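Q: Handing you this structure, nothing more for now.
None of the figures in this text is laboratory data; all of them are computed from the coordinates on show. Remember, predicted model here, so these are calculated numbers, not experimental data. As a convention, Cβ positions derive from the backbone with ideal geometry for all residues, glycine included, and neighbour counts pool all protein chains shown.
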Amino acid sequence: MPKITLNLEDIILQALKLKSSETKQSMSELVNDALKASLQEDLEDIKSWEERKGEDTYDYEEFLELLKKEQVI
């Protein structure tokens, strides 16, 4: 595995160290797991966008009017 340098906020690094100690996982494992989860979420979002491509879209004013018409507001 290649090595890299990350610049983390102090509080994030502190949390990472604590979680690493509590879970007996290395900081690298925790960062890898977090990145994998984030990338998986992105993939799911992209799939959702693809499925919703043909749906109607509204600008903010149109959407407010729709909510008013449906007596939501």
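Q: List the pairs whose first member sits in segment 49-65 and is acidic (Asp, Glu), whose second member is exposed (fewer than 10 other Cβ atoms within 10 Å of the Cβ), and whose Cβ atoms are under 7 Å apart, counting only residues at least 6 apart or on separate chains?
A: Hits for this filter: zero, empty list.
Q: Residues that are touching a Leu at 6+ places or on another chain (Cβ under 9 Å): list the helices (runs of 4 or more DSSP H) wholly contained in the chain that include at least 1 such residues. Show your work before the answer.
A: Details: elements: 10-23, 27-51, 60-69.
In the chain, 10-23, 27-51 are the helices (runs of 4 or more DSSP H) which contain 1 or more residues that are touching a Leu at 6+ places or on another chain (Cβ under 9 Å).
Q: Going through segment 20-69 one residue at a time, which ones are of a type in the set (S, T, N, Q) and under 28 Å from PRO2 (Cα atoms)? Lay out the reasoning, then the answer.
A: At the first step, the residues of segment 20-69 found to be of a type in the set (S, T, N, Q) are 20-21, 23, 25-26, 28, 32, 38, 40, 48, 57.
Those that are of a type in the set (S, T, N, Q) and under 28 Å from PRO2 (Cα atoms): SER20, SER21, THR23, GLN25, SER26, SER28, ASN32, SER38, GLN40.
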